[in-house]
C-alpha cells in the first residue's frame with residue numbers, strides 16, 4: 001500500500017530552478033514531516049498537494065514547475081515515513097500529517113482559505129478529501145481517484161475483502177457526500193491501475209458544482225505529461241474560477 005522511496009540528497013532547488021522553501025513540521029512527539037513551499041507571489045492561489053502512495057515529493061518537481069510557471073504557488077509535503085519525514089505511514093497518521101500541513105499554510109503562512117485549492121492524486125485524493133471536509137478551501141481537485149480500497153479490490157482481486165491484504169480503507173466515497181466545495185475530478189482515459197469508471201464513481205458521488213475531465217490516452221501516472229497544455233489550462237481555469245468566487249463570498 002505504502003511505497004516510499006529513499007530520499008536522494010541533492011540540491012533540488014538548483015536542479016529544478018524552483019524557489020523551494022524547506023518546511024519542517026512537528027506533527028506529534030514522534031513525527032516531523034518535511035515539505036516544500038513554492039511561492040509564486042503574495043496574491044497567487046496556493047495548491048495544497050497530497051501526493052500518491054509511492055515515491056516522495058522530489059518525484060513531483062516537473063509537475064510543480066509547470067504549475068509554478070503558470071502563476072500557482074504550491075505546498076507539497078511527504079507523509080510520515082516518506083522522503084525526509086520521520087515515522088511510519090498509516091492511514092490515520094497520513095490524515096494527521098495532511099491536516100498539520102494545511103494548518104501550516106493557513107496559520108503560519110497566513111494564506112486565506114479562499115486562496116487555497118486542495119489537490120490529491122491517486123491515494124492522495126482520499127487524503128485531500130479528508131482535509132477538504134475538515135478545513136475550509138476554495139475548491140478541490142481529485143486526480144486518478146478511486147472510491148475506496150475495497151472498490152480497487154473489487155476491480156483487481158475479484159471482490160476479495162481488502163482487509164485480508166491491507167489494514168487501510170481510504171474510503172473516499174464516504175467523504176465526498178460531506179464535501180461542500182467545488183470539485184474537479186480528473187482521470188486518465190486509459191488508466192490501467194484505477195480504471196476510469198472508478199474515477200467516474202467518485203465524480204457521480206460529489207455535489208454540484210463539479211467538473212469531470214478525462215485526459216485522452218493517459219494512464220495513471222502520466223496524466224499531466226500526456227495531458228500537456230490543455231490539462232494545465234483546465235486546472236488553472238478551475239483554480240481561477242473557484243478562487244475568484246471565494247473572494248466574492250468574503251466581500
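Counting only Cα atoms, the size of segment 1-150 along its three principal axes is 38, 35, 31 Å, in decreasing order. Ranked by the mean number of other Cβ atoms within 10 Å per residue, highest first, peptides 65-71, 90-96 order as 90-96, 65-71. Given a 10 angstrom Cα cut-off, can you work out which residue in 74, 223, 168 is the most mobile in a GNM of the chain? Answer for the Gaussian network model of the chain: 168. Distance from the alpha carbon centroid of segment 13-40 to that of segment 198-216 works out to 31 angstrom.
Using the alpha carbons alone, the radius of gyration of segment 52-93 stands to its Kirkwood radius in an Rg to Rh ratio of 1.06. The calculated P(r) of the chain, using every Cα pair and 10 Å bins from 0, goes 7, 33, 40, 18, 2, 0 in percent.
To two decimal places, what compactness ratio does segment 11-62 give when its Cα radius of gyration is scaled by 2.2 N^0.38 Å?
Details: Rg = 12.5 Å, N = 52, 2.2 N^0.38 = 9.9 Å.
Working it through for segment 11-62, the quotient is 1.27.
Which residue, 200, 135, 115, has the most motion in a Gaussian network model of the chain that connects Cα atoms within less than 10 Å? Sorting by GNM fluctuation, first place goes to 135. Of 211, 108, 174, which is the most mobile in a GNM of the chain whose springs link Cα atoms less than 10 angstrom apart? Answer for the Gaussian network model of the chain: 108. For the Cα trace of segment 191-240, dividing Rg by the Kirkwood Rh returns an Rg/Rh value of 0.98. Normalised Debye scattering of segment 63-191 at q = 0.09, 0.13 Å⁻¹ gives log10 I(q)/I(0) of -0.28, -0.59, counting only Cα atoms as equal scatterers and leaving out solvent.
The numbers here are math on the coordinates, done by the rules we state, and not lab data. These numbers were taken from a predicted model, which means no experiment stands behind them. Cβ atoms come from the backbone with ideal geometry, glycine included; neighbour counts cover every protein chain shown.
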